1. Could you run through the range 265-276 and say how many residues are within 28 Å of residue 228 (Cβ to Cβ) and part of a loop (DSSP other than H, G, I, E, B)?
2. What's the total number of residues in the range 207-252 that are more than 21 Å from residue 271 (Cβ to Cβ) and of a type in the set (A, V, I, L, M, F, W, C)?
3. Residues of the range 1-35 being small (Gly, Ala, Ser) and either surrounded by fewer than 10 Cβ atoms within 10 Å (Cβ to Cβ) or part of a helix (DSSP H, G or I) (or both), which ones?
4. Just need a number here: residues in the range 184-195 that are within 24 Å of residue 29 (Cα to Cα), surrounded by fewer than 22 Cβ atoms within 10 Å (Cβ to Cβ) and touching a residue at least 24 places away in the same chain (Cβ under 8 Å).
5. If you scan the range 10-33, which residues turn out to be under 15 Å from residue 88 (Cβ atoms), without any contact (Cβ under 8 Å) to a residue 12 or more places away in the chain and of a type outside the set (Ser, Thr, Tyr)?
6. Exactly one condition in (1) modelled with pLDDT of 95 or more; (2) surrounded by fewer than 22 Cβ atoms within 10 Å (Cβ to Cβ) is not met by residue 143; state its number.
7. In the range 12-42, which residue that is modelled with pLDDT of 90 or more and touching an Asp or Glu at 6+ places or on another chain (Cβ under 6 Å) is farthest from residue 84 (Cα to Cα)?
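The values are calculated or read from the model by the stated rules, or taken from the named source; none is laboratory data. For clarity, every value in this text was computed on a predicted model and none was experimentally measured. Reconstructed Cβ throughout: ideal geometry from the backbone, glycine too, with neighbour counts over all protein chains shown.
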Amino acid sequence: MSGPKLQEEMEEFLLSNGYQLGKTIGEGTYSKVKEAFSRKHQQKVAVKIIDKKEGPEEFIQRFLPRELQIVKRLDHKNIIRVYEMLESDRKIYLVMELAEDGDVFDCVLHEGPLPESRTKALFHQLVEAIRYCHACGVAHRDLKCENALLQGFNLKLTDFGFAKQLPKNRKELSQTFCGSTAYAAPEVLQGVPHDSRKGDIWSMGVILYVMLCAGLPFDDTDIPKMLCHQQKGISIPGHLDISEECQDLLKSLLEPDMILRPSIEEVSWHPWLVSS
């Protein structure tokens with residue numbers, strides 16, 4: 001089926017379900033995110049459109065059902081809400097809350113390093129979202145600035161495509177590499193059995209560093225070199241005048257030894273986050 005014909009069919013399908021399709025606001029490997037107007041909610045929403053024919057079988061059969069199962073259960077003010085899921089012969093449509101102010105990556109790209117007070121307000125919300133996920137037994141496994149969306153002063157976590165439901169009463173170690181190399185913990189890159197929750201903590205450290213320094217803590221163009229730098233720890237540019245408490249939190253999040261890396265509960269009690 002040709003592009004225009006497919007587009008027309010897609011628009012008609014969504015219209016029959018009460019959604020007037022608008023502009024594209026994001027693009028993934030096997031999906032697009034478009035703005036739409038929902039008659040039912042009388043507001044703009046985001047529609048993630050997944051092509052069942054283009055996505056690899058493992059993604060369609062394994063990761064996608066897992067994502068749908070997880071997002072339907074999550075209900076937190078700092079996580080993008082999924083209103084409903086629709087399915088046609090060729091596509092799957094996830095209708096979600098719209099965050100109209102872009103993501104943390106765009107914000108830093110346009111504004112440069114964020115002031116520490118603003119960083120703290122946003123990071124605190126990310127901590128709350130991950131604390132909720134981990135308490136529900138869910139590891140996100142793809143935390144990055146592009147998945148931290150902004151709605152005014154609010155941060156909203158999205159994209160649970162690699163998320164994993166962890167068993168309640170036992171620790172299950174993972175060996176799967178998920179997410180983006182630049183945000184991946186050393187144990188994830190090395191492919192050693194690891195606790196996915198500790199991987200989330202590392203990725204949060206990378207997000208915090210990006211917000212404060214407007215750059216990545218480790219260059220991901222050469223993985224063996226990157227692993228060496230991860231072991232040595234981060235260097236924080238002195239001219240940015242980042243407080244000692246904040247630097248202390250950064251160093252603990254980006255702790256190369258996953259056993260010494262804090263849990264999300266311990267992160268939430270850190271003096272930098274607790275102080276007003």
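1. Going through the range 265-276 one residue at a time, the tally reaches 1.
2. Residues meeting the conditions: 8.
3. Pass one, the range 1-35, residues small (Gly, Ala, Ser): 2-3, 16, 18, 22, 26, 28, 31.
The answer is 2, 3, 16.
4. We begin by selecting, within the range 184-195, every residue within 24 Å of residue 29 (Cα to Cα); these are 184-185, 188-189, 191.
Add one more test, that the residue is surrounded by fewer than 22 Cβ atoms within 10 Å (Cβ to Cβ), and what stays is 189, 191.
Among the residues that remain, those that are also touching a residue at least 24 places away in the same chain (Cβ under 8 Å) are: 189.
Here the count works out to 1.
5. Taking the range 10-33 as the starting set, the residues that turn out to be under 15 Å from residue 88 (Cβ atoms) are 10-19, 21, 31-32.
Next cut, without any contact (Cβ under 8 Å) to a residue 12 or more places away in the chain only: 11-12, 15-16.
Scanning the range 10-33 gives 11, 12, 15.
6. The number of the failed condition is (2).
7. 23
For (1) aliphatic (A, V, I, L, M); (2) under 30 Å from residue 39 (Cβ atoms), each residue gets a yes or a no:
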position	(1), (2)
61	no, no
74	yes, yes
83	no, yes
95	yes, yes
99	yes, yes
